[in-house]
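The values are calculated or read from the model by the stated rules, or taken from the named source; none is laboratory data. These numbers were taken from a predicted model, which means no experiment stands behind them. Positions of Cβ are generated from backbone atoms using ideal geometry, with glycine treated the same way; all protein chains shown enter the neighbour counts. With ligands, DNA and RNA removed, areas are computed over all heavy atoms of the protein, side chains included. Shrake-Rupley method; radii C 1.70, N 1.55, O 1.52, S 1.80 Å.
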Amino acid sequence: MVIIGSSNARVGLERGMEILRDGGTALDAVEQAIWAVESNVDDHSVGLGGLPNLVGEVELDASIMDGATLAAGAVGGVHGVLHPISLARRVMEELPHAFLVGAGAERFARECGFPVTELLTEDARRIYERGLSGEDQDSGRYAGKILRAMVGRLALDPERASGKDAGTVNVLALDGAGHLVAGVSTSGFAWKYPGRVGDSAVIGAGNYCDDRYGAAACTGRGEMAIRAATAHTVVRGLKDGLSPAEAGRQAFLELDWLVDAFWSGMNAVVLAPDGRHAAFSTVEHTTYVYMDEASTAVESAPRTLVAVTGRPA
Ligand code: ASP
């Protein structure tokens with residue numbers, strides 16, 4: 001039994017491990033660990049307290065994938081849902097679909113009885129407004145300026161500008177029955193264009209899981225993980241017989257071809273069916289967290305740096 005996550009998963013990891021130790025499923029462990037992060041108002045990259053999009057609305061993406069069946073559920077561009085990871089799970093378990101977005105996802109949340117919650121905290125609103133200072137605050141007249149405002153905004157996201165793994169939560173778990181599950185939840189990039197969905201909701205990009213080979217999940221610039229199918233590429237490497245360390249390194253080397261003006265770093269966590277784990281970052285000095293059967297508390301380990309320098313001209 002092992003549970004690993006991005007460093008901000010620390011607040012939920014003990015709960016996840018407790019579920020595994022009690023004989024619970026990886027699915028419950030991942031969902032519950034991510035719940036704790038989604039409820040954490042001090043985390044401005046996930047759920048309650050997440051930073052809003054360009055017009056000031058908190059817009060969430062999440063996904064979950066079950067390695068036993070390759071079933072997956074995802075939601076993108078959702079407002080007012082405190083626990084999008086649970087909504088993603090309901091999509092996976094109750095609908096003949098894998099991915100709902102926007103109004104349809106919110107409708108499904110209401111049908112499932114999820115309460116409508118205001119997710120924009122005062123703190124997050126202040127950060128958002130500071131980011132827009134000097135800009136027209138009226139969203140109607142502001143519309144014409146959106147594209148111009150977008151230029152550079154991604155790089156200004158305080159949670160993500162460094163490329164460190166502060167934003168978005170990844171949790172991967174291996175339960176006592178040998179099943180793997182991967183979950184991701186995020187408020188996405190602050191000041192993102194309304195309707196922008198990142199890798200966190202895209203199976204294969206920010207999340208992939210297969211009991212036979214392993215699980216992987218990403219944080220960082222979602223557009224890159226989408227373009228390079230990063231989570232799937234890592235798992236494909238495991239399928240081809242690479243170690244978790246080598247599978248991650250190889251997948252990250254692919255990113256070298258994708259560097260663009262909005263480059264802000266990428267990170268991934270990887271868990272193999274035998275419990276080996278590893279994590280990667282394009283940024284120095286980042287960490288991830290884990291617990292295994294021997295752990296008495298959440299443990300932290302350095303991510304392997306994979307330098308991405310950009311495609312030669
Ligand atoms: N991957 C997330 C996204 O692109 C953001 C992040 O992890 O910081 O929405």
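Residues of the range 1-11 that are open to solvent by 10 Å² or more (accessible area, probe 1.4 Å) and part of a helix (DSSP H, G or I): Ser7, Asn8, Arg10, Val11. Filtered by the rule that a residue be of a type outside the set (A, V, I, L, M, F, W, C), assigned to a loop (DSSP other than H, G, I, E, B) and within 16 Å of Leu253 (Cβ to Cβ), the range 268-285 gives a lone residue, Thr282.
Only one of the listed residues (Ala74, Ala29) is open to solvent by less than 10 Å² (accessible area, probe 1.4 Å) and part of a helix (DSSP H, G or I). That residue is Ala29. Kindly indicate whether Val171 is more than 24 Å from Trp257 (Cβ to Cβ), of a type outside the set (Gly, Ala, Ser) and either within 15 Å of the ligand (Cβ to nearest atom) or open to solvent by less than 40 Å² (accessible area, probe 1.4 Å) (or both). Answer is yes for this residue. Are any residues in the range 12-26 part of a helix (DSSP H, G or I) and more than 18 Å from Pro302 (Cα to Cα), and if so, which ones? Of everything in the range 12-26, those that are part of a helix (DSSP H, G or I) and more than 18 Å from Pro302 (Cα to Cα) turn out to be Gly12, Glu14, Arg15, Gly16, Met17, Glu18, Ile19, Leu20, Arg21, Ala26.
Matching residues to (1) on the phi > 0 side of the Ramachandran plot; (2) free of Cβ contacts under 8 Å to residues at least 60 places away in the same chain; (3) aromatic (Phe, Trp, Tyr); (4) in contact with a Phe, Trp or Tyr (Cβ under 6 Å, 6 or more places away or on another chain):
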{"residue": "Pro52", "(1), (2), (3), (4)": "no, no, no, yes"}
{"residue": "Val58", "(1), (2), (3), (4)": "no, no, no, no"}
{"residue": "Ser63", "(1), (2), (3), (4)": "no, no, no, no"}
{"residue": "Gly80", "(1), (2), (3), (4)": "yes, yes, no, no"}
{"residue": "Ser86", "(1), (2), (3), (4)": "no, yes, no, no"}
{"residue": "Gly102", "(1), (2), (3), (4)": "yes, no, no, no"}
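Only one entry of Cys218, Cys209 meets the criterion of being in a strand (DSSP E or B) and within 16 Å of the ligand (Cβ to nearest atom), and that entry is Cys218. Screening the candidates Leu95, Leu20, Leu100 for the property of being under 28 Å from Ala272 (Cβ atoms) and either surrounded by 22 or more Cβ atoms within 10 Å (Cβ to Cβ) or out of contact with any Asp or Glu (no Cβ under 8 Å at 6 or more places or on another chain) (or both) yields one hit, Leu20.
Without any contact (Cβ under 8 Å) to a residue 60 or more places away in the chain and at positive phi: does that describe Gly237? So Gly237 does not fit the description; no.
Candidates in the range 224-269 are the residues that are within 12 Å of the ligand (Cβ to nearest atom) and out of contact with any Lys or Arg (no Cβ under 9 Å at 6 or more places or on another chain); of these, the one that is most open to solvent (accessible area, probe 1.4 Å) is Arg227. Here Ala229 meets the list (1) in contact (Cβ under 8 Å) with a residue 40 or more places away in the chain; (2) closer than 23 Å to Val283 by Cβ almost entirely, failing just condition (1). In the range 265-313, the qualifying residues are those that are among the polar types (S, T, N, Q) and in contact (Cβ under 8 Å) with a residue 60 or more places away in the chain, and the one that is farthest from Asp22 (Cα to Cα) is Thr282. Quick check on the range 192-209: of everything there that is of a type outside the set (Gly, Ala, Ser) and either open to solvent by 10 Å² or more (accessible area, probe 1.4 Å) or out of contact with any Gly (no Cβ under 8 Å at 6 or more places or on another chain) (or both), which residue is nearest to Thr25 (Cα to Cα)? Among residues in the range 192-209 that are of a type outside the set (Gly, Ala, Ser) and either open to solvent by 10 Å² or more (accessible area, probe 1.4 Å) or out of contact with any Gly (no Cβ under 8 Å at 6 or more places or on another chain) (or both), the one nearest to Thr25 (Cα to Cα) is Tyr208.
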